[in-house]
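Asker: Attaching a single structure in structure tokens format; questions to follow.
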Amino acid sequence: MDKNLFLKNMEEMIQIAKTNGNQIDHKELLDYFSDYELNEEAKKLLIASFVEAGIRVLGVDEAQIVAEEEAKEKADISEEEQGAIRFYEEELEQMDLPGEEEQKELIHAWLVEKGDGEAVIESFLPQILEIARTHTGKGVLFGDLVQEGNIGLLEAMAIYQGKDAEGFLAHAKSAVEDSILDAIAMQRGSDSVGEAMAIKANRLDDASTFLSKELGREPKIEELAKYLSMTEEEVKEVMKISLDALSVMEADIKQS
């Protein structure tokens, strides 16, 4: 199997599903990948990947499939990794961290009044751990995922120019996950690049929708880049993939 082609096909189908209300029929999905002769386990993994990308797969029990895949990932985590996760969780329990509203107040104070940036960083530790936990078992140690998440947060803080705490929260969480995904892609090589790119395409679409409402117009590339903590070149690359997928969909419609 050509894995790069398979991942490219996944990206295309995710974009096609997004143009159809973020949903796709499971038979249509499996028919599209029929040439790969996937076994039952591979089919479940494929469906779970689409569900995790925010696509509703019609005609299957999504919750059960995702739960099965999560159970497998958890089983693949070594005792050492599980110990690292427990260590961070225990450290978290001993810290006097702010609640959701207090965190927003800290962020607001930092954005508007040049408040305590260290307090903001510390308040994000639960979110970083939660995001890192969802990506365990993918080739990068949990502690390294946490460090990458911290780097993403620092980059988000350095680049964000708004004054809205809610906006910064969304911006920072996206930056944290992007940083973690980039680390996984680097570790696993080109096979993970397509997966990371598909997720970035979803985030780009969400960011475009959010900023359009906030600005009352279509956002510029530089505005999307700042919001997502991506370079303008990265945004253009993700846009190109989305346009390529749309072209595939239009070609399929003309042929049908």
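Asker: Determine the alpha carbon to alpha carbon distance for each of Lys104/Lys163; Lys138/Lys226; Lys114/Lys163; Lys163/Lys226 and list only those over 18 Å.
Answerer: Lys138/Lys226
Asker: So, one more: Rank by packing, highest mean first: peptides 201-208, 38-45, with packing defined as the count of other Cβ atoms within 10 Å averaged across residues.
Answerer: Result, highest mean Cβ count within 10 Å first: 201-208, 38-45.
Asker: Apply the Karplus curve 6.51 cos²θ - 1.76 cosθ + 1.60, θ = phi - 60°, to the phi angles in the range 137-149 and return the couplings in whole Hz, x for Gly and Pro.
Answerer: x, 10, x, 10, 4, 4, x, 5, 4, 4, 4, 5, x
Asker: Residue by residue through the range 23-34, what is 3J(HN,Hα) from phi via Karplus (6.51 cos²θ - 1.76 cosθ + 1.60, θ = phi - 60°)? Round to whole Hz and write x for glycine and proline.
Answerer: 8, 7, 6, 5, 5, 4, 5, 5, 4, 4, 9, 5
Asker: Separate question: Express in whole angstrom the spacing between the alpha-carbon centres of the range 35-61 and the range 200-227.
Answerer: Cα centroid of the range 35-61 versus Cα centroid of the range 200-227: 28 Å apart.
Asker: Right, here's the next one. With labels modelled as points extended 7 Å from the Cα through the Cβ direction, what inter-label distance (nm, one decimal) is found for Asp116 paired with Glu90?
Answerer: According to this spin-label approximation, the distance is 2.7 nm.
Asker: Fewest to most neighbouring Cβ within 10 Å: what's the order for Met157, Met239?
Answerer: Arranged by neighbour count, lowest to highest, Met157, Met239 become Met239, Met157.
Asker: Still on this structure: What's the ranking of 175-186, 98-109 by average number of surrounding C-beta atoms within 10 Å, highest first?
Answerer: Those peptides, ordered most packed to least, come out 175-186, 98-109.
Asker: Starting with the highest mean, order 139-147, 11-19, 81-89 by the number of other Cβ atoms within 10 Å, averaged over the residues of each peptide.
Answerer: Going by the mean number of other Cβ atoms within 10 Å, highest first, we get 11-19, 139-147, 81-89.
Asker: Name the residues whose placed amide hydrogens come within less than 5 Å of the amide hydrogen of Asp25, ignoring near sequence neighbours (fewer than 5 apart) on the same chain.
Answerer: Leu58
Values in this text are rule-based calculations from the coordinates and carry no lab data. Computed from a prediction, not measured in an experiment: that's the story for all the values here. Positions of Cβ are generated from backbone atoms using ideal geometry, with glycine treated the same way; all protein chains shown enter the neighbour counts.
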